[in-house]
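One structure below.
The values are calculated or read from the model by the stated rules, or taken from the named source; none is laboratory data. Remember, it's a predicted structure, so these values are computed and weren't measured experimentally. Cβ coordinates were reconstructed from backbone atoms using ideal geometry, including for glycine residues, and neighbour counts include every protein chain displayed. Accessible surface areas use protein heavy atoms only, side chains included; no ligands, DNA or RNA. Shrake-Rupley method; radii C 1.70, N 1.55, O 1.52, S 1.80 Å.
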Amino acid sequence: MEKRRLYMDYSATTPVKKEVLDAMMPYLTDYFGNASSFHTFGREAKSALDKAREQVASLVNAKPNEIYFTAGGTESDNWALEGVAFAHKDKGNHIITSKIEHHGILHTCEYLEKHHGFEITYLDVDGDGKIKLEDLEAAIKDNTILISIMFANNEIGTIQPIDEIAKIAKKHKVLFHTDAVQASGNVPVDVKALDVDLMSMSSHKIYGPKGIGALYIKTGTKLHTFVHGGAQERRRRAGTENIPSIVGYGKAAQMAKSNMENHVQTLTNLRAKLIKEILEKIPYTRVNGSMEDRLPGNVNFSFEFIEGEGILLMLDMLGIAASSGSACTSGSLDPSHVLMAIGLPHEIAHGSLRLTIGDFTTEDDIDYIIEKLPPVIERLRSMSPLYDQAMKNK
Ligand code: PLP
């Protein structure tokens, strides 16, 4: 019998939807022009670019000319931080972010700190992974030029009070950037209602191709260019536009918008079932992240007494692709900075498992993981001296 392949890592990346691929294909072959060219081929590419820009803008209620295509969420994060930092350094050198940001933010902040003399405040988060608004307000100083707080966390799914953060930023006349790579296209996001100044987005989290994303820049926001060269993207982001990927991103954005209600509802229901059944079936288990303000597709468990890597390995043998909360794949044995920031003890953070579901996840898939996970945890615990000790001490 062929091994079942079950993908539960949608926060890492999503498959490209067929409609998205179909939209892209002609732009790799017949309509391959350079959008800057004067001739018909160029104009065809340019009109595809304009349409995709409208589609991405519409997903987040931006104006099309506030959307700048980039090579993905990481570039958008780098551009937002460095672009604002360098353009506003006359006003100040202080930036506020949080301890649970993606490394696209954290490592850029470290770079600005180390090499350009910026001062960064990394806000703590509470047990659910939310920043405290009073901490944010207290951290703002005369020289604060930017607040960058992620919309939704990629590991534990917690959604921040973005509108409240934006209000505080406005009150103190500080620019506000949010990394919405996990949020935009997965939950409703409205840049105008939220009043953010800059927002990072990515295509491959919403069934579009990889290596393409966007930065929303509110009209009138001053920031430096990050990629220098030609006059593309209204002279703000150089490089021949990746038209096939941009077209795919536009199509994915359009589909995400029209499917939003169903996407949120379906995933929320599947997630609820998965959490309920696993908590019932597996003792010494906790769910990390907010239960109220959470990405619909995110589940993050900690199973006491065992290691996340063991779980991943055994699940992989069963054909189930998931992700752990530690950074072992990158050669370090440290548990994730996010799980540490929400206050999990090392040994509990180590036994963490992220299961992220998406538009191709079925009820049958949820039943499969609910059936397969408990014996995996039981088996690993049966080999764990920590578990043995804990049971003896009971
Ligand atoms: N920010 C967050 C919150 C993410 O989850 C990711 C990707 O996992 C990124 C940024 C980076 O996006 P990209 O993979 O498009 O560079």
Could you say whether any residue in region 143-151 is open to solvent by 20 Å² or more (accessible area, probe 1.4 Å), closer than 15 Å to V84 by Cβ and either not hydrophobic (A, V, I, L, M, F, W, C) or not assigned by TED's automatic domain parsing to the domain that holds L295 (or both)? yes
Whether any residue in region 166-181 is β-branched (V, I, T), more than 11 Å from the ligand (Cβ to nearest atom) and not in a loop (DSSP other than H, G, I, E, B) is what I want to check. yes
Kindly state which helices (runs of 4 or more DSSP H) lie completely within region 211-319 and contain at least 1 residues that are within 16 Å of the ligand (Cβ to nearest atom). 243-258
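Residues checked against (1) within 23 Å of the chain's Cα centre (by Cα); (2) under 19 Å from L21 (Cα atoms); (3) surrounded by fewer than 20 Cβ atoms within 10 Å (Cβ to Cβ):
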{"position": "V227", "(1), (2), (3)": "yes, no, yes"}
{"position": "Q232", "(1), (2), (3)": "no, no, yes"}
{"position": "T240", "(1), (2), (3)": "no, no, yes"}
{"position": "V247", "(1), (2), (3)": "yes, yes, no"}
Note on region 268-311: residues touching a strand residue (DSSP E or B) at 6+ places or on another chain (Cβ under 9 Å), open to solvent by less than 40 Å² (accessible area, probe 1.4 Å) and farther than 21 Å from K130 by Cβ are L274, I278, I282, T285, F303, G308, I311
Just one of D90, D128, D142 is out of contact with any Leu (no Cβ under 8 Å at 6 or more places or on another chain), in a loop (DSSP other than H, G, I, E, B) and without any contact (Cβ under 8 Å) to a residue 12 or more places away in the chain; which is it? D90
With (1) surrounded by 14 or more Cβ atoms within 10 Å (Cβ to Cβ); (2) free of Cβ contacts under 8 Å to residues at least 60 places away in the same chain as the list, and Q265 as the residue in question, which single condition is left unmet? (1)
With respect to N61, determine if the residue is out of contact with any Pro (no Cβ under 7 Å at 6 or more places or on another chain), of a type outside the set (D, E) and part of a loop (DSSP other than H, G, I, E, B). yes
Scan region 64-76 for residues that are in contact with a strand residue (DSSP E or B) (Cβ under 6 Å, 6 or more places away or on another chain) and in a helix (DSSP H, G or I) and report the count. 3
Do we have any residue at all in region 217-231 that's closer than 14 Å to V56 by Cβ and of a type outside the set (D, E, K, R)? yes
What number of residues in region 84-100 are open to solvent by 60 Å² or more (accessible area, probe 1.4 Å) and within 17 Å of A138 (Cα to Cα)? 1
Can you pull out every residue in region 101-122 that is open to solvent by less than 10 Å² (accessible area, probe 1.4 Å), among the hydroxyl-bearing types (S, T, Y) and more than 16 Å from the ligand (Cβ to nearest atom)? none
Residue under evaluation L49, criteria (1) part of a helix (DSSP H, G or I); (2) open to solvent by less than 50 Å² (accessible area, probe 1.4 Å); (3) closer than 19 Å to H228 by Cβ, criterion not met: (3)
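For region 145-158, name all the residues that are assigned to a strand (DSSP E or B) and within 15 Å of the ligand (Cβ to nearest atom). I'd like the intermediate steps shown before the answer.
Here is the first cut: in region 145-158, the residues assigned to a strand (DSSP E or B) are 145-148, 152, 158.
Those that are assigned to a strand (DSSP E or B) and within 15 Å of the ligand (Cβ to nearest atom): S148, A152, T158.
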Which members of region 190-200 meet the condition of being out of contact with any Phe, Trp or Tyr (no Cβ under 7 Å at 6 or more places or on another chain) and within 13 Å of the ligand (Cβ to nearest atom)? S200
